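Engineer: Before anything else, here's the structure in question.
Bear in mind that the values in this text are calculations on the coordinates, not laboratory data. The shown structure was predicted, so the numbers you read here are calculated from the model rather than taken from an experiment. Cβ placement follows ideal geometry from the backbone for every residue including glycine, while neighbour counts extend to all protein chains displayed.
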Amino acid sequence: MSTALKRRSRPPAALLLLALLAGTFLLLPLIGIIIRAPWGDLRRTITEPVVQQAFGVSLIASTGALVACLLVGVPLAWVLARVDFPGRSLVRGLVLVPMVLPPVVGGVALLLAFGPRGMLGQTFELMGVTIPFTTAATVMAATFVSLPFLVLTVEAAFGSVDERYEDVAETLGGSGWHVFRTVTVPLCRPAIFSGATLAWARALGEFGATITFAGSIAGVTQTMPLAVYEVLPTRPDDALTLSLLLLAISATVIVLLRSHWLGPLRTVSQQ
Amino acid sequence: MSGLSVRAQVTLAGVTRLDLSLHAEPGSVIAVVGPNGAGKSTLLRTVAGLVELSTGSKVMVDGHDLTRAAPALRRVAYVPQDGALFPHLTVLDNVAYGVRASGEGRRAARTQAREHLQRLNVADLADRPATSLSGGQSQRVALARALATHPKVLLLDEPTGSLDAVAKTDVQSLLRHHVRDFPGVTLLVTHDPSEALTVASRVVVLDDGSVVQDDTPERLVRSPGSAWLAKMLNLNAWPGHVRGRGIVELEDGGQVSATDLPGVEVSVLVTASPTSLMLYTHKPSSSARNAWPATVTDVHPHGERVRVSLDAARPGEGPARAVAEVTVAAISDLNVAPGSLVWAAVKATDLTVSPM
């Protein structure tokens, strides 16, 4: 990156001290999980049904949410970045609301929309489809909270693509869809990767909307975070094992994201 | 009617950006020049179908009305400044892109792309990432990519604008050879007068969105129609009015003697090549009808000669500003340096007077 000579300076002691405090505050609880994890018993706890079921439900919920985000989030990001329509900035803001909304409220909102007496729920009910308190509901709850992360990241990338590439591709005979697939998306690939990873990680950690809209039914809607909360008072070892799993997954994702996918993103934005 | 016909009206945010008509025969190379903001790039984007046109506009290629056609269906190849090669593809796949888009399979497209790279002498770059090329190489590959689609119109937006001197010469000779062989119409936007004059068979001068001059390079040099164009051609350009008796009163307050003047009070542009200006240490007794004392403001090399910028020493005598181009030997003989006082002279017959 920068090849500038290193500046010789002594960092102020007060800054160092406060920075150390922040670092310790963030890392100490994580180290706590690692130290207190039932390492000797791990082989047993990891095969406990509650752990395995929660892992399975979480995998379905987060992966389902990821697929849904890519399928509809990338097109939404493109429309927000490229199509001029009245009220665009309002829609842009509203789309991001689930990011800051307390997830429990998100769950209530989903119930109101898709619940038995909800706006669309009644229609579904007539068709014999019940959504709340099913695995599909965990996917929907996870999608609801994670979609804004993908849209935000990808929209910025779509907005900053040098449009000359698309212009040239069009004059070379590419139709709109062809150009989107062969030029726009590849140019935004780093942003789509990091947006997808962020969304997936958010889906994995989802709690509030899920417990409200899908409940915490073991093997059906009980994701890993829900299981941690439920078994902590009675079976702390299982809760710690689940926490360790979540920590390991999060750490892996963040390391991959920083070294592998954010790297190319930085170089692209510098061109 | 074969070739390219454009009748373009482009308005952006209530401001007219382009309002012109243009026709070009197949095989012709037209240089489009003009000051910044004159509408050169807008003209290219209009032909490519990348801008919204006002009603009454029309773009025809070989008798087909393309006004409402999508860019993909126009067979108009557009090469933006610095080439705009796709950064995520190799050189070969860049050139193959248009061939693929026309429905060819990957293998056939790559074979054709390789042939086009070969034709432009850059076949050895085929497997390199497009981002690893120099400016000159990028232009060659961008041209190959455009020609690979067998377009009917080729649009080049300042192909040498961002190149260093060596790469510029290289790309200009490439343009002379390959663009002149191109059977379709070429529109070449450029800021470089030598490029416009040596590559193109016709030069269109734009200003404020309309055509102000449309001539062969030879005629353009002989009588540039605007001060901007004269400056671009490195000529001295002095706007003024004819006062009668062979005198032109200049807008900067000076006056010059010239021949072949139009009627009295006609607005004219007087131009003079810097090489036709002579410098003396004392008032010349030569036959030059125009001689005036001047202060040297700048001396800088220009090829094998030296350009001397002059400000009139006495207001009203001679043009207020002028540039003379003399030999290095003359500079040392005259002992010219910024600040020194000289006499400048130019023959009345060396001045070109064009009505404006």
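Engineer: Under 18 Å between alpha carbons, and skipping anything fewer than 8 positions from residue B:168 in its own chain: which aspartates and glutamates qualify?
Structural biologist: By straight Cα distance, residue B:168 reaches B:82, B:157, B:158, B:192, B:195.
Engineer: Taking each residue of B:83-93 in turn, how many C-beta atoms of other protein chains fall within 10 Å of its C-beta, and what is the average?
Structural biologist: 4
Engineer: Of the listed peptides A:226-235, A:205-214, A:189-198, B:138-147, what is their order by residue-averaged count of other C-beta atoms within 10 Å, with the highest listed first?
Structural biologist: Working: A:226-235: 16.9, A:205-214: 24.6, A:189-198: 21.3, B:138-147: 26.3.
Ranked by mean Cβ neighbours within 10 Å, highest first: B:138-147, A:205-214, A:189-198, A:226-235.
Engineer: Next up: In peptide B:140-146, what is the residue-averaged number of other protein chain Cβ atoms found within 10 Å of each Cβ? List each step's numbers first, then the result.
Structural biologist: Numbers: counts 0, 0, 1, 0, 0, 2, 3.
Rounded to a whole number, the mean comes out at 1.
Engineer: Where does each of B:47-60, A:112-125 land if you order them by average Cβ count within 10 Å, highest first?
Structural biologist: Working: B:47-60: 17.2, A:112-125: 15.1.
Sorting B:47-60, A:112-125 by mean packing, highest first, produces B:47-60, A:112-125.
Engineer: Would you tell me the mean number of C-beta atoms belonging to other protein chains that fall within 10 Å of each C-beta in A:172-183, as a whole number?
Structural biologist: Numbers: counts 18, 16, 7, 5, 3, 0, 4, 4, 0, 0, 7, 5.
Mean shielding count: 6.
Engineer: Going by alpha carbons, how many degrees (0 to 90, nearest 10) lie between the helix axis of B:91-101 and the longest principal axis of chain B?
Structural biologist: For B:91-101 against chain B, the angle is about 60 degrees.
Engineer: Here is a further query. So if we plug the beta-carbon distance of residue B:55 and residue A:127 into 1/(1 + (r/R0)^6) with R0 = 45 Å, what FRET efficiency do we get, rounded to 0.05?
Structural biologist: Working: r = 49 Å, r/R0 = 1.10.
Working from the Cβ atoms, E equals 0.35.
Engineer: Let me ask something additional. If you project the alpha carbons of the protein assembly as shown onto their three principal axes, what span does each projection cover, largest first, in Å?
Structural biologist: 115, 69, 48
Engineer: Percent antiparallel among DSSP beta bridges with both residues in the protein assembly as shown, to the nearest 5? It would help to have the intermediate numbers written out before the result.
Structural biologist: Details: 62 of 79 bridges.
Percentage antiparallel, nearest 5: 80.
Engineer: For the protein assembly as shown, what is the mean residue ellipticity at 222 nm derived from helices alone (per DSSP H run of n ≥ 4: -39500 (n - 2.57); sum divided by total residues; nearest 500 deg cm²/dmol)?
Structural biologist: Details: 25 runs with 270 residues, N = 627.
It lands at -13000 deg cm²/dmol.
Engineer: Give me the compactness ratio for region B:5-55, meaning the Cα radius of gyration over 2.2 N^0.38 Å.
Structural biologist: Rg over 2.2 N^0.38 Å, computed on Cα atoms: 1.14.
Engineer: Now a separate question. Peptides A:16-26, B:331-341: what's the order by average Cβ count within 10 Å, highest mean first? All intermediate terms of the calculation are to be shown ahead of the outcome.
Structural biologist: Numbers: A:16-26: 10.0, B:331-341: 12.8.
The most tightly packed comes first, giving B:331-341, A:16-26.
Engineer: Efficiency by 1/(1 + (r/R0)^6): what FRET value for residue A:92 and residue B:223, r their Cβ-Cβ distance, R0 = 51 Å, to the nearest 0.05?
Structural biologist: Values: r = 56 Å, r/R0 = 1.09.
For R0 = 51 Å, the calculated efficiency reads 0.35.
Engineer: Sticking with this structure for a sec: How high is the relative contact order of region B:192-311, in percent, counting Cα pairs under 8 Å that sit 6 or more residues apart?
Structural biologist: Working: 156 pairs, mean separation 18.2, N = 120.
Reported as a whole number, the value is 15 percent.
Engineer: Principal axes first, then extents: for the Cα atoms of chain B, list largest minus smallest coordinate on each axis, whole Å, largest first.
Structural biologist: 77, 47, 34
Engineer: Further question: What distance in nm lies between label points placed 7 Å from Cα along the C-beta direction at residue B:264 and residue A:25?
Structural biologist: Here the modelled spin labels are 9.1 nm apart.
Engineer: Taking other Cβ within 10 Å of each residue's Cβ, how do A:179, A:151 sort, fewest first? Could you put the intermediate results ahead of the total?
Structural biologist: On the way: A:179 23, A:151 28.
Taking fewest neighbouring Cβ atoms as first place, the list is A:179, A:151.
Engineer: Still on this structure, please answer the following. Net charge near residue B:322: determine it from the other residues with C-beta under 13 Å of the C-beta of residue B:322, scoring Lys and Arg +1 and Asp and Glu -1.
Structural biologist: -3
Engineer: State which entries of B:58/B:152; B:231/B:347; B:40/B:231; B:40/B:347 exceed 27 angstrom in Cα-Cα distance in the structure shown. Working shown, then result.
Structural biologist: On the way: B:58/B:152 17 Å; B:231/B:347 20 Å; B:40/B:231 18 Å; B:40/B:347 36 Å.
Violating the 27 Å Cα-Cα cut-off are B:40/B:347.
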